[in-house]
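Down below is the structure, laid out as structure tokens.
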2 protein chains.
Amino acid sequence: MSYEDAIAALADPSRRAIVESLRTGARPVGEIADGLPISRPAVSQHLRVLTDAGLLTCASSGTKRLYAISPEGVDALRRYLDSLWGDALACFSEAAQSKKEQL
Amino acid sequence: MSYEDAIAALADPSRRAIVESLRTGARPVGEIADGLPISRPAVSQHLRVLTDAGLLTCASSGTKRLYAISPEGVDALRRYLDSLWGDALACFSEAAQSKKEQL
DNA sequence: CATCTTCGTAACTCATGACTTACCGTAAGT
DNA sequence: ACTTACGGTAAGTCATGAGTTACGAAGATG
């Protein structure tokens, strides 16, 4: 749910591959697993982590389960990085300023 | 250098704490370590990972080394998430659309 | 020169987590 | 009711990496 969980979830290459495969739309578990070099149970475990982190949503349709990217989860991460980027820029320009004043 | 390395680097809580401590400006290694519950060598190793990932820059000043957040590295991550967010929103609105049409 | 500070590196331990196989529940088809 | 398809869970293995202590290199200081 927090952005920390989202970052930790996206740190794994397999989980990033799953998210990439969902960029074009929702997909069932088996279809996701077919496109990856890991077993279906492994995919299930990754899907759980991604869902717990708020990055994915799940919708049951019969025996199938459709997973999709959750805009809210991605946005939480986005906002954190925006804030970090703002501070980094401020420090950067301030450092450049004080360096100029030393001349 | 790539956004993958940046995500992996920020996945660790200690490394996020280091980045947080640099939000207000550049600091030497010892000062960073004093604010954390881990040893100075551990901080050094984390600083290496963060620097390799392009998230930090290092400037030597005598025996001291000043680390600071690198705006470029953060921006690379930011852009990745922006693109992911865009796709997620598109899928979300498309799904909502096709659900409406089913009524 | 001797010493102290500052920091990086080496070697090692130990916990975490990614993956596998095996199994179980549930919904659809015959 | 039986079987098949889909997918989550359990238990176990194994590699990765975060942390430690010990040591070494390089610049400041007396």
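The values are calculated or read from the model by the stated rules, or taken from the named source; none is laboratory data. Computed from a predicted model, the values in this text were never measured in an experiment. As a convention, Cβ positions derive from the backbone with ideal geometry for all residues, glycine included, and neighbour counts pool all protein chains shown. SASA here: full protein model, heavy atoms, side chains in, ligands and nucleic acids out. Shrake-Rupley method; radii C 1.70, N 1.55, O 1.52, S 1.80 Å.
Taking every alpha-carbon pair under 8 Å whose residues sit at least 6 apart, chain B reaches a relative contact order of 30 percent. Per-residue ellipticity at 222 nm, computed for chain A from helices alone with -39500 (n - 2.57) per DSSP H run of at least four residues, works out to -21000 deg cm²/dmol.
Of all residues in chain A, the one whose Cβ lies closest to the rotation axis carrying A onto B, together with that distance in whole Å, is A:Ala11, 2.
Per residue of B:15-24, count partner chain C-beta atoms within 10 Å of its C-beta, then hand back the mean as an integer. Taking all residues of B:15-24 together, the mean is 3. Here the protein assembly as shown yields Rg over Rh of 1.07, to two decimals, using C-alpha coordinates and the Kirkwood radius. Can you work out D for region B:4-46 in µm² s⁻¹ from Stokes-Einstein, where Rh is the Kirkwood radius over C-alpha pairs, the temperature is 4 °C and the viscosity is 1.567 mPa s? For these conditions, the coefficient is 122 µm²/s.
Magnitude of the charge dipole for the protein assembly as shown, about its Cα centre and with charges confined to Cβ atoms of Lys, Arg (+1) and Asp, Glu (-1), is about 200 debye. The other copies place their B:Lys64 label points at 6.2 nm from this one, listed shortest first, where each point is 7 Å from Cα along Cα→Cβ. Here the accessible area of chain B is 54 percent carbon and sulfur, with a 1.4 angstrom probe and all protein chains present. Taking every protein chain into account, the accessible area of the protein assembly as shown amounts to 56 square angstrom per residue (probe 1.4 Å). Segment B:Ile38..B:Glu72, full-extension length gain: 9.5 nm, with 0.36 nm per residue of separation and the alpha-carbon distance subtracted.
For chain B, the Cβ-based charge dipole about the Cα centre amounts to some 380 debye (Lys, Arg positive; Asp, Glu negative; other atoms uncharged). Once you order the gyration tensor axes a ≥ b ≥ c over the Cα atoms, which shape class does region A:1-90 get: rounded for a/c under 1.5, otherwise prolate or oblate by comparing a/b with b/c? Here region A:1-90 falls in the prolate category.
Since only B:Ala6, B:Ser83, B:Val29 are under comparison, the one whose Cα sits farthest along the positive direction of the charge dipole of chain B, derived from C-beta charges on Lys, Arg, Asp and Glu, is B:Val29.
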